[in-house]
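Input: a single structure, listed below in structure tokens.
The values are calculated or read from the model by the stated rules, or taken from the named source; none is laboratory data. Source: prediction; values computed, not measured. Virtual Cβ from ideal backbone geometry, glycine too; neighbours counted across all protein chains shown. Only protein heavy atoms, including side chains, enter the accessible area calculation; ligands, DNA and RNA are left aside. Shrake-Rupley method; radii C 1.70, N 1.55, O 1.52, S 1.80 Å.
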Amino acid sequence: MKILAIETSCDETSAAIIEASPKDKKVKLLSNVVSSSLELHSKTGGIIPEVAAREQVKYIIPVIKQALIESNLYPQASNINFQSSTLYRPDIDAIAVTVGPGLIGSLLVGVETAKTLAYLWRKPVIPINHLLGHIYANFISVMVNGKWQMANILFPAISLIVSGGHTDLVLMKKHNDFEWLGGTRDDAAGEAFDKIGRLLNLPYPGGPAIEKLSERGDVNRFTFPRPMFGSKDFDFSFSGLKAAVWREVNKLNKVRFLTGPRVTADICASVQKSIIEVLVKKTLKATKQYKAKSILLGGGVAANNKLRKQFEFKIKNSKLKIQFFAPAKNLCTDNAAMIGAYAAFNYKPQDPKTITANPELYFDNLI
Ligand code: KG4
Ligand code: ZN
């Protein structure tokens with residue numbers, strides 16, 4: 001079974017082809033093309049939704065075409081143009097598309113393109129929740145010594161989704177059986193990285209920039225708050241941390257002390273440490289409480305090396321028998337491969353006419 005997956009929920013335009021066999025449940029990645037308008041947003045210090053959607057309108061067809069070419073599903077020799085011809089129908093079984101959550105203009109580009117191609121090619125559409133897609137990036141098989149291998153993920157699993165828009169802890173009892181445990185009450189972890197990056201005049205997105213500068217920073221120079229560190233629930237809050245950094249930067253500016261890269265690097269390292277400590281502590285608490293056998297990371301912040309290392313370190317030093325999984329870094333940030341992976345494990349094709357974009361989609365109305 002082959003699935004064309006499409007992801008356009010934020011600023012990325014991505015298409016992937018995955019091949020899944022219902023028998024061994026392996027999800028093989030045949031192609032995964034990601035085009036990002038990050039450079040444009042870098043200049044404006046954040047995403048302007050209208051700009052993102054306009055870029056996506058431009059790139060969606062070339063990106064899908066490229067994904068088909070890279071998986072040998074597009075006849076390169078002929079001049080068939082799949083936008084205007086019904087002659088070309090790729091050898092796929094379904095089209096999976098992110099329907100939410102996300103920016104409405106961006107989601108519409110992917111959803112309406114998926115529906116149009118489905119109508120033209122007479123294929124069903126599988127609507128996908130972007131957040132569950134992030135979890136399923138962990139279920140994409142990897143090539144080891146010329147063979148596809150799936151990670152041996154044992155249930156129950158605790159999943160930490162840490163992206164630009166979300167910070168959620170989810171209990172996964174088995175495939176397609178999720179329970180939301182808690183989430184951020186204000187800013188998401190990625191959003192905190194981005195907003196603090198902006199305070200420090202770093203390029204957007206703040207996460208990778210702060211990670212890079214942290215390498216030469218002193219984690220003990222500043223002590224920033226660890227929001228909701230000891231709270232009994234599984235909720236998070238990061239806006240207080242942002243406010244604390246803002247106060248510190250103002251203070252340093254007043255005494256003309258914030259003179260250069262050294263101080264900025266120290267702030268970055270201290271901020272990164274605060275965020276990581278809260279994420280790791282709450283995730284391990286959930287793991288113990290629900291006797292989980294695996295931890296699954298997902299979302300852009302999961303690409304952070306220090307976060308991954310800290311999880312490995314804490315698990316190793318605990319007496320817990322937990323396996324830790326994090327997707328390859330290019331599968332942490334937004335991509336269509338993860339959307340295809342979830343579709344393979346949750347194969348519920350629908351009539352394209354019944355599918356609409358839903359920016360508010362969350363865990364209470366799971367797809
Ligand atoms: O999952 P994602 O690509 O998009 C959303 O669904 O939001 O996540 C993007 C977020 C941004 O906030 C970005 O700053 C953060 O992920 N991010 C990182 C790193 N790479 C991306 N945060 C910390 N360290 C990183 N290396
Ligand atoms: Zn995402």
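Annotation for Tyr362 and Lys43: the two label points, set 7 Å from Cα along the Cα-Cβ direction, are 3.6 nm apart. Site pair Lys254 and Ile69 shows an inter-label distance of 5.8 nm when each label is modelled 7 Å from Cα along Cα→Cβ. Other residues whose C-beta falls under 12 angstrom from the C-beta of Asp334 contribute a net charge of -3, scoring Lys and Arg +1 and Asp and Glu -1.
Rounded to the nearest 20, the Cβ-based charge dipole of the stretch 280-326 about its Cα centre (Lys and Arg +1, Asp and Glu -1) stands at 240 debye.
Two tests apply to each whole DSSP H helix in the chain, Cα reach of 27 Å or more along its axis and mean Kyte-Doolittle hydropathy of at least -1.0, and the ones passing both are 49-70, 261-289. Here Glu312 and Asp186 are evaluated by their C-beta separation; at R0 = 22 Å the FRET efficiency comes out at 0.15. The gain in end-to-end length when the Trp246 to Lys321 segment is fully stretched comes to 23.0 nm, 0.36 nm per residue minus the alpha carbon separation. The accessible area of Leu38, taken with all protein chains in place and a 1.4 Å probe, comes to roughly 50 Å².
By how many nm would the segment from Gln289 to Phe229 grow when fully extended, if each residue of separation counts as 0.36 nm and the alpha-carbon distance is taken off? Intermediate values should be presented prior to the final figure.
Working: separation 60, 0.36 × 60 = 21.60 nm, distance 1.61 nm.
Value of the extension gain: 20.0 nm.
Bridging of Lys348 to lysines at a Cα separation below 23 Å is possible for Lys2, Lys23, Lys25, Lys26, Lys28, Lys115, Lys123, Lys173, Lys174, once same-chain residues fewer than 8 apart are set aside.
Just to be sure I understand the model, the point goes 7 Å from the Cα along the line to the Cβ. What's the resulting Phe155 to Leu87 distance in nm? In this crude spin-label approximation the distance works out to 4.7 nm.
Restricting attention to the chain, close to 65% of DSSP beta bridges with both partner residues there are antiparallel.
Ordered by 1.4 Å accessible area with all protein chains kept, Phe222, Phe229, Phe313 run largest first as Phe313, Phe229, Phe222. For the set Asp194, Asp351, the ranking by accessible area, highest first and with no ligand, DNA or RNA atoms included, is Asp351, Asp194 under a 1.4 Å probe.
List the trypsin sites (Lys or Arg not before Pro) within the stretch 292-362 that fall in a DSSP loop (any state other than H, G, I, E or B) and whose Cβ has at most 16 other Cβ atoms within 10 Å.
Working: sites: Lys293, Lys306, Arg308, Lys309, Lys314, Lys316, Lys319, Lys321, Lys329, Lys353; in loops: Lys293, Lys319, Lys321.
Here the sparse-neighbourhood loop sites are Lys293, Lys319, Lys321.
Quick check on the chain: helices-only [θ] at 222 nm, where DSSP H runs of length 4 and up contribute -39,500 (n - 2.57) each and the sum goes over total residues. Nearest 500, please. Theoretical 222 nm ellipticity from helices: -12500 deg cm²/dmol.
With all projection directions averaged, the alpha carbon convex hull of the chain covers 19.1 nm².
For the set Lys293/Lys314; Lys281/Lys309; Lys212/Lys309; Lys242/Lys321, the pairs lying more than 23 angstrom apart at their alpha carbons are Lys242/Lys321. Taking the accessible area of the chain, probe 1.4 Å, and keeping the other protein chains in place, the carbon and sulfur fraction comes to 53%. When Met338, Met143, Met150 are compared by accessible area at a 1.4 angstrom probe, the order from most to least is Met143, Met150, Met338. Summing charges over neighbours of Lys195, with a neighbour being any other residue whose Cβ is under 10 Å away from its Cβ, gives -1 when K and R count +1 and D and E count -1. Summary: within the chain, the longest segment free of GluC sites (Glu not before Pro) located in DSSP loops with at most 14 other C-beta atoms within 10 Å is 1-214.
Each part reduced to its alpha carbon centroid, the stretch 167-208 and the stretch 302-360 end up 13 Å apart.
Would you mind counting up the charge near Lys43? Only other residues with Cβ under 14 Å from its Cβ, with Lys and Arg at +1 and Asp and Glu at -1. After counting each charged neighbour, the total is -2.
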